[in-house]
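A short reminder: the numbers here are calculations on the coordinates, not readings from a lab. Model, not experiment: these values are computed from the prediction. Quick reminder, even Gly has a Cβ in these numbers, built from the backbone with ideal geometry, and neighbours come from all protein chains shown.
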Amino acid sequence: MVNLDTISSLCKRRGFIFQSSEIYGGLGSVWDYGPLGVELKNNIKNLWWRSMVYERGDTEGLDSGILMHPDVWKASGHVGNFKDLLVDCRSCKKRFRHDQIKTDTCPECKGELTGPRSFNLMFKTFVGAVESQASEIFLRPETAQGIFVNFKNILTTSRKKLPFGVAQIGKAFRNEITTGNFIFRSREFEQMELEYFTRPEESDKWFKYWVEERFNWYKKYGIKENNLRLREHTKEELAHYAKACYDIDFLFPMGWSELEGIAHRTDFDLKQHSEISKKALIYYDDEKKEEITPHVIEPSGGVDRTFLAFLLDAYREEKVRGEKRVVLGLHKCLAPVKAAVLPLLRNRPEIVKLARSIYEDIRGDYKALYDDTASIGRLYRRQDEAGTLHCITVDVDSLEDKKVTIRDRDTMKQERIGVCNVKKYMKDRL
Ligand code: GAP
């Protein structure tokens, strides 16, 4: 598999990802998604939303605030449990997670290490003008709690019956001690989470269902099966809220690592919030004529990790007529740009005019672009590296026969089709 340096330099070169605040020397472990990156990211989120909300009849969506009442995090257990043990190096001042240190000395400079101390991963800030403990709040470390605290609101307004799910995509923040591996672990990232509420006795069945469903989602959008695996958490690894958990791992260049977790959260969260808020988060079971606290199955994936996995999996290098060709063979629904319109000769106004009119005709339907800033060979290479599905080339003959050449990214096969058929050709293929 391609290494992370190659992917991160492609991301920078083609405008997928930039380092945050780069002109000021950068801010560690925060990333900005550029023109192509935001397209790929939106495509990932839209496909997830489509499969989790639109294609199902048993789910609803939510977009809750990043800032929440501080008691939310007491109830969820994050104030008490969302901690890592860290050690400091007395010489170089670097910090490390205690569980990742294999020697008694600093892995960087061999200096002396401090004893381990506990460090909460939540970012703190203050509400209002006074910076006191009373005004202290947190940036959410997961989107899930916004769903739990809105359980009653959603149930009342949507009138859903068990089992049902609530989906949310949004930013989460963690003051990670060890980051790195490009966008794999950052301090600001996005999650795609579903909280699926079930009758307690049906929860194990739905747990199995969601593990399989989510595994298949990654395959459906092109990830090779031998780059994916399921891994069950050991009892020691389980988060404080989970009875069981499976990770969907991807074979990243640094080894198998978590892409998404599917956790059986039992009734932990609803019960905790009921107790601390003194508002009953319960469901009236019509069949049994009793109040129950549903159990929760939670598929929780990271947008950024999914982004990285799709890129790594799609990257390939080929030899074409003795030259290296780099292609991002992304699934057609994920490709950031669906069509690039390229005039063969940019100094011929009639060719430029026709190419521009084709671009203007298609650009409202999906992401398309127009490029005349290099020779056709360079333009093709640029689009292959960006994963663009089709290149539409306008040449001298186009002016006579009103036809253009459409080139397929994967096969590089070229077809000559009428200008008036371009829209339909693209529609059929998307
Ligand atoms: N609500 C459950 C939860 O937050 P998690 O395993 O801590 O569970 C879920 O996080 C997913 O969020 C992970 O599988 C990963 O894809 C993503 N994620 C977590 N921490 C991350 C970080 N620091 N950077 C990027 N993605 C992260």
*Can Val130 be described as among the β-branched types (Val, Ile, Thr), farther than 30 Å from Pro200 by Cβ and crowded, with 18+ Cβ neighbours inside 10 Å?*
no
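Yes/no matrix, rows are residues, columns are (1) among the basic types (Lys, Arg); (2) assigned to a helix (DSSP H, G or I); (3) touching a Cys at 6+ places or on another chain (Cβ under 6 Å); (4) on the phi > 0 side of the Ramachandran plot:
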{"site": "Asn347", "(1), (2), (3), (4)": "no, no, no, no"}
{"site": "Arg378", "(1), (2), (3), (4)": "yes, yes, no, no"}
{"site": "Thr393", "(1), (2), (3), (4)": "no, no, no, no"}
{"site": "Glu400", "(1), (2), (3), (4)": "no, yes, no, no"}
{"site": "Val404", "(1), (2), (3), (4)": "no, no, no, no"}
{"site": "Lys423", "(1), (2), (3), (4)": "yes, yes, no, no"}
*Search the stretch 233-253 for residues that are within 20 Å of Leu4 (Cβ to Cβ) and pair each with any residue that is among the aliphatic types (A, V, I, L, M) and assigned to a loop (DSSP other than H, G, I, E, B) when their beta-carbon atoms are under 6 Å apart and the residues are at least 6 apart or on different chains.*
Pro253/Met1
*Looking for whichever is more than 30 Å from Ile7 (Cβ to Cβ), surrounded by 20 or more Cβ atoms within 10 Å (Cβ to Cβ) and over 29 Å from the mean Cα position of the chain (by Cα) here; the options are Val352, Val394. Which one fits?*
Val394
_So Thr306 passes all but one of these: (1) among the hydroxyl-bearing types (Ser, Thr, Tyr); (2) within 13 Å of the ligand (Cβ to nearest atom); (3) surrounded by fewer than 17 Cβ atoms within 10 Å (Cβ to Cβ). Which condition number does it fail?_
(3)
*Could you check the stretch 1-75 for strands (runs of 3 or more DSSP E) lying wholly inside it with 2 or more residues that are more than 26 Å from Lys220 (Cα to Cα)?*
17-19, 31-33
_Looking only at the stretch 111-148, how many residues end up being hydrophobic (A, V, I, L, M, F, W, C) and under 17 Å from Lys171 (Cβ atoms)?_
8
*asked:* Just to be sure I understand, how many residues within the stretch 360-372 are part of a loop (DSSP other than H, G, I, E, B) and either among the charged types (D, E, K, R) or touching a helix residue (DSSP H, G or I) at 6+ places or on another chain (Cβ under 8 Å) (or both)?
replied: 6
*Could you check how many residues of the stretch 167-201 are more than 13 Å from the ligand (Cβ to nearest atom) and β-branched (Val, Ile, Thr)?*
1
*Scan of the stretch 374-430 for residues that are in contact (Cβ under 8 Å) with a residue 40 or more places away in the chain, in contact with a strand residue (DSSP E or B) (Cβ under 9 Å, 6 or more places away or on another chain) and β-branched (Val, Ile, Thr), ordered by number*: Thr388, Ile392, Thr393, Val394, Val404, Val419, Val422
*Go through (1) without any contact (Cβ under 8 Å) to a residue 24 or more places away in the chain; (2) in a loop (DSSP other than H, G, I, E, B) one by one and return the number of the condition Gly222 breaks.*
(1)
